[in-house]
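Peer 1: Take this structure first; my questions come after.
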Amino acid sequence: MSPRLLKKALLRVGFWCLIGILLLYAVFPFYYAIVTSLKPSSALFQVSYWVDNPDFSNYAAVLQQASFLRAIGNSLVVALSVVALALFLSLTAAYALGRVKFRGRGTVLMMVLGVSMFPQVAVLSGLFEVIRALGLYNTSWALILSYTIFTLPFTVWVLTTFMGQLPHELEEAAIMDGASPWVTLTRVLLPLLWPALVTTGLLAFIAAWNEFLFALTFTLTDTQRTVPVAIALISGGSSHELPWGLLMAASVLVTVPLVILVLIFQRRIVSGLTTGALKG
Amino acid sequence: MIKLKLDNVNKQLGGMRILRDVSLEIAAGEFVVFVGPSGCGKSTLLRLIAGLDSICAGDLLIDGRRVNDLEPRERGVGMVFQSYALYPHMSVYDNISFGLKLAKTEKTSLRERVLKTAQILQLDKLLQRKPKELSGGQRQRVAMGRAMAREPDILLFDEPLSNLDASLRVQMRNEIARLHARLGTTMIYVTHDQVEAMTLADKIVVLNGGHIEQVGSPRELYERPATRFVAGFLGSPRMNFLAASLHTPGASSLVESLVLGRTALPFDSSSLAANSQLSLGIRPEHVTLKAAQGTAGIAVIGVEYLGSETYVHLDTGQDEPMICRCEVHAGWRVGDRVELQVEIDNLHLFDADGTALRRHPQTLETPLDDIAQRSVRAGAL
């Protein structure tokens, strides 16, 4: 074998090794969660990487808990509301920021970006006061409000960028056709922004679905909890026992819908992240 | 009848004066072309008329009504954009009908109008297609259809052909001319392509640096340019300019110039002082070449063969060579020495500011109108 070919082969091997490591790093925790969830509690502490006899008792147990199903329902309501609200607000904001030239536009954009840099913990107590004052404590609205606040900077920025890339003449053509700004936005620009909307909407959904800190702080009762908190609060028979099987089964149950969502919209996301990068 | 009138229109943008005191009258049914180098303000002027930009000072009147503050749709204008700007997610039918729908047109008459527009533009078979499934020329026609559908009184075109390749451009140019003949709509057309300007226009408006240099028929502009800028802008290859000076001013001038020597020319220079700097303009096609004896005459320094004609470059001692348009058979070669013959009737004389000196007789002998009053128009639909 010539040195050239050898080098090529070695590079190839190295490439696949790297991919293997990355894959292991990204997928293994989730895989191990699945494996654990399929074991009866008696087999939990035998380390194995494969399940010989899948045991669904953990899933059955989780799904029998009314509070867990309730939490999933809450999470769905919260996450979907956040997506709807955030997309509506950021779309209209992006139209103003991306299409209308006005003084202070750059400042507004920088402020939006700056606000998004505050860590959650820093605003937690302040936000708590706001929510108490508004009488939203221990309701889904408390979460919808706080998640929307934290999602908006991102969605506004992404949509503004996309909006700015749409050709100006398109909007002018709509104006010549007699379209009002609202009609221009909804009938002309919106259909072209679908990939961006799907991308940002999905990311907002994931963020709201997974959020833990606010959910723990702003809700009190089982009826208002969202999934991440519900999982964290699953407890065993005694304070010394952590029901790993149940926890893992619950985690898998709430992660799978996300994975499916991402897979469905995968192509949209990719096209959303790249359109505009090239003349399309 | 005056359709559109601009009265001392000014436009400023970020401290830059883009248009300065532009006044212009456009008659109903006229085809007017705004032409000029890039940055001359021609597109801005069109956008002011469309209502996409606001007028800083001055009045814009359509049918005698001041429309400065009206929305584009209230002005009765339609516009075709350079990039077509078709709505990519809508079919041809929806693209054309969008404006009508917004105007709350009744359903049956909407359909009728779209079909009629599509028929005029030969888009009948493409109505269900999306813009991305159309060729460049078809997209161009859809863009025109969209502008026409609401039956505006004035159609505006912003460099509509600049995205097409050369052969399609000629074809679409003829289609636009036919369309104008058929609809009789007032059309305003912006281009930097002088061929489009010359072939399409009833009236050409030459803009330069935000003001109007000259307004007139293509023939007036070509044969009687009012300024050196207009003379140099229209015509390809462009007019040759020779440095000259005024020997004796008067109703008829004695001019001392490069190449031609001292000549009496029928231009009125009585307002100028003797020895003023002038420039003498000669179009390439108005020069006839003859072989010179020995080392006399002017050297040929370049020959461009174009198939139908040849451009011969002569060394006059100026920076730019003088270009003459010759027949192909003449067979001039680099290094030949030639003598020039120019027709005095076809000379132009400009003063140091670039203003053309009055020639007598000022009027053209053959009526300006007829000659080729749009050969395209004669063969209209």
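The values are calculated or read from the model by the stated rules, or taken from the named source; none is laboratory data. Fair warning: this is a prediction, and the values are worked out from it, not measured in the lab. All Cβ positions, glycine included, derive from the backbone under ideal geometry; neighbour counts span all protein chains shown.
One line per residue, one yes/no per condition, for (1) in contact with a His (Cβ under 7 Å, 6 or more places away or on another chain); (2) in contact (Cβ under 8 Å) with a residue 60 or more places away in the chain; (3) surrounded by 10 or more Cβ atoms within 10 Å (Cβ to Cβ); (4) outside any helix (DSSP H, G or I):
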{"site": "A:Lys8", "(1), (2), (3), (4)": "no, no, yes, no"}
{"site": "A:Cys17", "(1), (2), (3), (4)": "no, no, yes, no"}
{"site": "A:Ile34", "(1), (2), (3), (4)": "no, yes, yes, no"}
{"site": "A:Val47", "(1), (2), (3), (4)": "no, no, no, yes"}
{"site": "A:Asp52", "(1), (2), (3), (4)": "no, no, no, yes"}
{"site": "A:Gly73", "(1), (2), (3), (4)": "no, no, yes, no"}
{"site": "A:Ala79", "(1), (2), (3), (4)": "no, yes, yes, no"}
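Peer 1: Would you call B:Gln138 away from chain A (no Cβ under 14 Å) and not in a helix (DSSP H, G or I)?
Peer 2: In short, no.
Peer 1: Please specify each residue of the stretch A:118-146 satisfying the condition of being part of a helix (DSSP H, G or I) and of a type outside the set (A, V, I, L, M).
Peer 2: Scanning the stretch A:118-146 gives A:Gln120, A:Ser125, A:Gly126, A:Phe128, A:Glu129, A:Arg132, A:Ser140, A:Trp141, A:Ser146.
Peer 1: Now for a separate question. Could you figure out which of (1) crowded, with 16+ Cβ neighbours inside 10 Å; (2) closer than 21 Å to A:Ala79 by Cα isn't true of A:Ile206?
Peer 2: Looking at each condition in turn, A:Ile206 falls short on (1).
Peer 1: Here's something else I'd like to know. I'd like to check something: does the stretch A:87-109 contain any residue that is surrounded by 17 or more Cβ atoms within 10 Å (Cβ to Cβ), part of a helix (DSSP H, G or I) and in contact with a Phe, Trp or Tyr (Cβ under 7 Å, 6 or more places away or on another chain)?
Peer 2: no
Peer 1: Could you check B:Ser217 against (1) closer than 26 Å to B:Thr117 by Cα; (2) touching a strand residue (DSSP E or B) at 6+ places or on another chain (Cβ under 7 Å) and say which number it fails?
Peer 2: (1)
Peer 1: So which of B:His348, B:His313 ends up being within 30 Å of B:Glu220 (Cβ to Cβ), surrounded by 15 or more Cβ atoms within 10 Å (Cβ to Cβ), within 23 Å of the chain's Cα centre (by Cα) and at pLDDT 90 or above?
Peer 2: The conditions single out B:His348.
Peer 1: Right, something else. Can you go through B:Arg150, B:Arg182 and tell me which one is more than 30 Å from B:Arg359 (Cβ to Cβ), surrounded by fewer than 19 Cβ atoms within 10 Å (Cβ to Cβ) and of a type in the set (D, E, K, R)?
Peer 2: B:Arg182
Peer 1: Which residues, counting only those in the stretch B:206-262, are in a helix (DSSP H, G or I), more than 30 Å from B:Glu339 (Cβ to Cβ) and among the acidic types (Asp, Glu)?
Peer 2: B:Glu220
Peer 1: Can you find, within the stretch A:168-216, the residue that is farthest from B:Arg47 (Cα to Cα) among those that are more than 12 Å from every other protein chain (Cβ to nearest Cβ) and small (Gly, Ala, Ser)?
Peer 2: A:Ala215
Peer 1: Something else now. State whether one or more residues within the stretch B:133-142 are of a type in the set (D, E, K, R) and under 23 Å from B:Pro72 (Cβ atoms).
Peer 2: yes
Peer 1: Ok, one more. Among the residues of the stretch B:291-305, is there at least one that is among the acidic types (Asp, Glu), exposed (fewer than 15 other Cβ atoms within 10 Å of the Cβ) and at pLDDT 90 or above?
Peer 2: yes
Peer 1: When you go through (1) part of a loop (DSSP other than H, G, I, E, B); (2) modelled with pLDDT of 90 or more; (3) of a type outside the set (Ser, Thr, Tyr); (4) closer than 22 Å to B:Gly29 by Cα one by one for B:Arg146, which number turns out not to apply?
Peer 2: Answer for B:Arg146: the failing condition is (1).
Peer 1: Which one of B:Val259, B:Val312, B:Val255 is more than 20 Å from B:His348 (Cβ to Cβ) and either out of contact with any Lys or Arg (no Cβ under 6 Å at 6 or more places or on another chain) or not aliphatic (A, V, I, L, M) (or both)?
Peer 2: Being more than 20 Å from B:His348 (Cβ to Cβ) and either out of contact with any Lys or Arg (no Cβ under 6 Å at 6 or more places or on another chain) or not aliphatic (A, V, I, L, M) (or both) holds for just one of B:Val259, B:Val312, B:Val255, which is B:Val312.
Peer 1: I'd like the residue in the stretch B:321-334 that is without any contact (Cβ under 8 Å) to a residue 40 or more places away in the chain and part of a loop (DSSP other than H, G, I, E, B) and, out of all such residues, is surrounded by the fewest Cβ atoms within 10 Å (Cβ to Cβ).
Peer 2: B:Arg333
Peer 1: Any residue at all in the stretch A:214-235 that's farther than 30 Å from A:Leu145 by Cβ and modelled with pLDDT under 85?
Peer 2: no
Peer 1: Also, I was wondering about something else. For the stretch B:245-278, give me each residue that is within 13 Å of B:Arg359 (Cα to Cα), among the hydroxyl-bearing types (Ser, Thr, Tyr) and buried (at least 17 other Cβ atoms within 10 Å of the Cβ).
Peer 2: B:Ser253, B:Ser269
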